[in-house]
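What follows is a single structure, written as structure tokens, with notes after it.
The values are calculated or read from the model by the stated rules, or taken from the named source; none is laboratory data. Given the structure is predicted, the values throughout are model-derived calculations rather than measurements. Cβ sites come from the backbone with ideal geometry, for glycine too, and all protein chains shown count toward neighbours.
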Amino acid sequence: MIKAIVVCPDVKNLTYKRNKEARLFEAYNLALSLDIEVIGKLIVNVSNISPATFISLGGVDKIKEIAGEDAGLVIMDCALSPVQQRNLEKVLNMKVIDRTALILEIFGKRAKTKEGVLQVELAHLTYQRSRLVRSWTHLERQRGGGGFLGGPGEKQVELDRRIIDDKIIKIKKDLEKVKQTRYLHRKSRDKVPYPVVALVGYTNAGKSTLFNYLTKSEVYAKDQLFATLDPTMRELRLPLGSRVILSDTVGFISDLPHSLIAAFSATLEEVINADVILHVRDLANEETAAQKDDVLAVLKELEVEKEPIEVLNKIDLLDYRPLNSEDCCGVSALTGEGVENLLAVIEHSLSIGKNECEIKLPSHQGYKIAWLYRNGTVLSKKILEDETIINVRLSNDNLKRWEALNDTDD
């Protein structure tokens, strides 16, 4: 197992959303997500960022002192330039990675579906391309090109960048195919149609645990950061009988590089197109307010206009209970406390803008009654001797389909 030191630089003139102890703890947990043995962690105060090594030589000495002879990896909880990374590796005589590289490693380990693997590879290549700048010791060496990659005399770094660019183009094309497939799947769902309810939230907020509780599934859920990377969808039946598609998504995190958000935009399409968004928050985490701001910032970057419903999770760890409303409710995804109220809130949100109708049908027209159950929310049903009276809630589209169905029968 790799032994590592986790370092959280605290830059004097930078404004952070979290205190340095919380940032160090998060970086530590990110490292544990990779099954890395962390043998030391420290906060390094930085008065001025060094263009050569980011931290001062005094900070470098502190890392050396903690690392001793055992550590082989230093994780810097910041964004390093290629030059800073290379210089730190030289003076420390150890492998050095920054926050972006650490998150990419976790993504690479967790992704399982074709889409997830493609997205990780795209993010890796984009990051790797930036590392090519001045990162080769043989830049002045010239080698002839093969014609299809570059002309004679092309420098090694230019050739490598061209190869990476070609790979990036291919992966983007493959991702477009995946997006098209997902679009077709959504179109087929529109014909059913089932509304989509998407779970979003800061990583490790309990989204997958809640997903499993609601759908009786066994999606991978563990007390670690980025336990879920691939989108998962299951059918969920609400209390009044209507059905929805519940979608679990990748967790958000602070200071997520823009390139990663872009790379994972296909996964988050379910959020963009969702009928209801549930923002799962870890209410027991002292950084919950800052985590909320990070999630809302990503949703804004994705141009999501729908206001999410706040799901205040982990109330079983609290000695009080939050107040519930139409856009906020407390739950415990572990024990199930508050889940019934959450389902009612989802149902209410889906009912906004829908039409409530009283429909009288001959009792022998069972297929129409079944249609109403499939495509609407049946609020009540009264069976008389020769007819059935149903109070049902229908969307505008389904109301038109119902009217068309009756026109056809006439």
Would a scan of segment 174-184 turn up a residue that is of a type in the set (A, V, I, L, M), at pLDDT below 75 and surrounded by 12 or more Cβ atoms within 10 Å (Cβ to Cβ)?
-> no
Please verify whether segment 113-122 includes one or more residues that are among the acidic types (Asp, Glu), in the same structural domain as Glu176 (by TED's automatic domain parsing) and over 16 Å from Leu256 (Cβ atoms).
-> yes
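I'd like the full set of residues that are outside any helix (DSSP H, G or I) and under 13 Å from the mean Cα position of the chain (by Cα), limited to segment 279-297.
Our first condition is that a residue be outside any helix (DSSP H, G or I); within segment 279-297, this holds for 279-287.
Of everything in segment 279-297, those that are outside any helix (DSSP H, G or I) and under 13 Å from the mean Cα position of the chain (by Cα) turn out to be His279, Val280.
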Ile359 passes all but one of the listed conditions (1) on the phi > 0 side of the Ramachandran plot; (2) not polar (S, T, N, Q); (3) not assigned by TED's automatic domain parsing to the domain that holds Gly241; the exception is number (1)
Of the residues in segment 334-357, those that are touching an Asp or Glu at 6+ places or on another chain (Cβ under 9 Å), aliphatic (A, V, I, L, M) and not in a helix (DSSP H, G or I) number 1
Of all residues in segment 353-378, which are of a type in the set (Val, Ile, Thr) and out of contact with any helix residue (DSSP H, G or I) (no Cβ under 9 Å at 6 or more places or on another chain)?
-> Ile369
Which of the residues spanning segment 43-59 are assigned to a loop (DSSP other than H, G, I, E, B) and among the hydroxyl-bearing types (Ser, Thr, Tyr)?
-> Ser47, Thr53, Ser56
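Consider Glu65 carefully, then state whether it is in a helix (DSSP H, G or I) and not basic (Lys, Arg).
Values: in a helix (DSSP H, G or I): yes; not basic (Lys, Arg): yes.
Answer is yes for this residue.
Per-residue answers, yes or no, for (1) in contact with an Asp or Glu (Cβ under 7 Å, 6 or more places away or on another chain); (2) at pLDDT below 90:
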{"site": "Asp282", "(1), (2)": "no, no"}
{"site": "Asn285", "(1), (2)": "no, no"}
{"site": "Ala289", "(1), (2)": "no, no"}
{"site": "Leu299", "(1), (2)": "no, yes"}
{"site": "Glu303", "(1), (2)": "no, yes"}
{"site": "Pro308", "(1), (2)": "no, no"}
{"site": "Ile315", "(1), (2)": "yes, no"}
{"site": "Leu318", "(1), (2)": "no, no"}
Residue tally, condition more than 19 Å from Ser208 (Cα to Cα) and at pLDDT 75 or above, over segment 218-263 = 7
Of the conditions (1) assigned by TED's automatic domain parsing to the domain that holds Asn396; (2) over 15 Å from Val392 (Cβ atoms); (3) of a type in the set (Ser, Thr, Tyr), Tyr373 clears all except one; give me its number.
-> (2)
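For (1) assigned to a helix (DSSP H, G or I); (2) in contact with a Ser or Thr (Cβ under 9 Å, 6 or more places away or on another chain); (3) surrounded by fewer than 16 Cβ atoms within 10 Å (Cβ to Cβ), each residue gets a yes or a no:
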{"site": "Pro9", "(1), (2), (3)": "no, no, no"}
{"site": "Thr15", "(1), (2), (3)": "no, no, yes"}
{"site": "Tyr28", "(1), (2), (3)": "yes, no, no"}
{"site": "Ala31", "(1), (2), (3)": "yes, no, no"}
{"site": "Lys41", "(1), (2), (3)": "no, no, no"}
{"site": "Gln85", "(1), (2), (3)": "yes, yes, no"}
Enumeration of residues in segment 370-398 that are at pLDDT 85 or above, touching a strand residue (DSSP E or B) at 6+ places or on another chain (Cβ under 9 Å) and assigned to a helix (DSSP H, G or I) | Leu372
If only one of Gly376, Gly338 is in contact with a Lys or Arg (Cβ under 9 Å, 6 or more places away or on another chain) and free of Cβ contacts under 8 Å to residues at least 24 places away in the same chain, which one is it?
-> Gly338
Under the condition of being farther than 29 Å from Tyr194 by Cα and among the aliphatic types (A, V, I, L, M), which residue from segment 314-349 is surrounded by the most Cβ atoms within 10 Å (Cβ to Cβ)?
-> Ile315
